[in-house]
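Read the structure below first, then the notes.
The values are calculated or read from the model by the stated rules, or taken from the named source; none is laboratory data. Not measured: the values here are computed from a predicted model. Cβ placement follows ideal geometry from the backbone for every residue including glycine, while neighbour counts extend to all protein chains displayed.
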Amino acid sequence: MTETDAILALIALFEREGYARIEPPVLQPADVFIDLSGEDIRRRMFVTQDAAGTELCLRPEYTIPVCLQHLEHRGARPSGYCYGGPVFRMRPNESGEFLQAGLESVGRTDVAAADAEILGLALEGLAGISDRRHRVRLGDMGLLNALIDALGIAPAAKRRVMRAIVSGQGLASLSEPEGPGQPEHAGLLAAIEGQAPQAAKAFVEDILSIAGIARVGGRSAGEIAERFLARAANRSGLPDEARQVLERYLAISGDPDQAAGAVRALARDAGLDLSEALGAFEERTGFMAARGLDVNAFSFAATFARNLDYYTGFIFEVQDADRSDAKPVVGGGRYDRLLQHLGAEEPIPAVGCSFWLDRILGAAQ
């Protein structure tokens with residue numbers, strides 16, 4: 001099966017399930033992706049400028065472009081979309097242009113059912129284009145956020161913790177607060193410590209603008225602001241008791257029912273109220289089982305996390321059991337804050353997934 005045939009097969013399945021095909025423009029505003037994913041993504045995008053000097057990029061993924069188009073035409077009204085076409089992203093040892101297919105469910109308030117539907121369709125679609133052995137890995141950014149909030153961790157320390165987990169480095173990577181040997185820019189770092197990321201970034205950019213600084217060493221004001229944010233975050237420590245609870249949480253793994261039981265025991269022992277997040281977790285598992293999915297074969301890992309500004313709840317990836325690099329062939333999750341960041345007046349629930357067709361079919365050849 002060719003990648004084009006795979007796209008057609010997936011689109012046919014998704015359209016039968018009520019997901020309308022959509023094809024956003026290949027050229028996209030670069031600042032949207034950088035604001036959501038940080039300056040790191042700039043190094044993986046193909047960036048250009050229009051005649052007015054506005055920075056544009058070749059579409060690095062579909063979710064943000066689909067959401068922008070949804071807001072333009074549908075607002076807060078529920079809609080389902082599917083897509084298939086080229087995306088452009090610099091990837092080590094892989095092509096920078098590759099075909100991707102996927103689906104996005106925007107605006108549905110039956111969150112647990114929508115999550116289960118996306119995973120179910122992802123697995124059904126994958127089975128239709130590949131006969132390889134696959135394993136499903138689950139995570140929950142909502143559960144992690146609920147735990148951190150219940151522990152009362154300060155915003156700056158929370159960002160450090162989330163960054164450490166998302167990067168895969170774990171809590172051991174958290175450095176000690178800066179000492180007297182690192183006094184430079186201490187006043188500015190203290191001023192932005194604890195602020196929301198976007199507000200802190202705007203503050204730093206304003207300071208640079210007042211000083212007449214546009215670029216330093218090839219870095220833009222936005223990139224410089226990102227570096228100050230990272231340094232400010234490194235000034236905050238993590239209380240020992242909170243660290244111990246988080247380490248116990250991050251050690252949890254197993255099928256969804258086992259994981260829920262372990263988190264419930266942790267919450268009880270630590271005296272934390274995680275009932276709402278746990279209820280959502282267990283409701284989603286119930287909808288998965290109701291769809292006929294073999295939840296006992298799924299593996300939940302508390303250490304599995306994705307971009308803190310992008311995913312807000314359920315996340316998953318499907319791996320080819322025979323790929324030595326463990327890179328996902330399908331991945332996705334819930335991103336309830338994304339559309340508000342893109343201009344919606346209120347949060348709009350949304351969940352989706354994407355297929356890496358070159359990995360799926362390349363492994364099968």
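Here Cys57 fulfils each of the conditions (1) in contact (Cβ under 8 Å) with a residue 12 or more places away in the chain; (2) more than 20 Å from Gly332 (Cβ to Cβ); (3) out of contact with any helix residue (DSSP H, G or I) (no Cβ under 6 Å at 6 or more places or on another chain) apart from (3). Mind telling me which of the residues Arg108, Arg91 ends up being surrounded by fewer than 17 Cβ atoms within 10 Å (Cβ to Cβ) and farther than 22 Å from Phe298 by Cα? Only one candidate passes the filter, namely Arg91. Candidates are the residues of the stretch 228-255 that are outside any helix (DSSP H, G or I) and at pLDDT below 90; the one that is farthest from Leu144 (Cα to Cα) is Arg235.
When Ala76, Ala9 are checked against the criterion of being in a loop (DSSP other than H, G, I, E, B) and of a type in the set (A, V, I, L, M), a single residue qualifies: Ala76. Residues of the stretch 97-123 that are more than 15 Å from Glu317 (Cβ to Cβ), not acidic (Asp, Glu) and not in a helix (DSSP H, G or I): Phe98, Leu99, Ala101, Leu103, Ser105, Val106, Gly107, Arg108, Thr109.
On inspection, Gly125 passes the criterion of being assigned by TED's automatic domain parsing to the domain that holds Ser354 and touching a residue at least 40 places away in the same chain (Cβ under 8 Å). Suppose we keep only residues that are under 17 Å from Arg359 (Cα atoms) and of a type in the set (Lys, Arg) within the stretch 55-104. Which one would you say is modelled with the highest pLDDT? Out of the qualifying residues, it is Arg89. Among residues of the stretch 60-91 being of a type in the set (A, V, I, L, M) and in contact with a helix residue (DSSP H, G or I) (Cβ under 7 Å, 6 or more places away or on another chain), the one that is farthest from Asp336 (Cα to Cα) is Met90.
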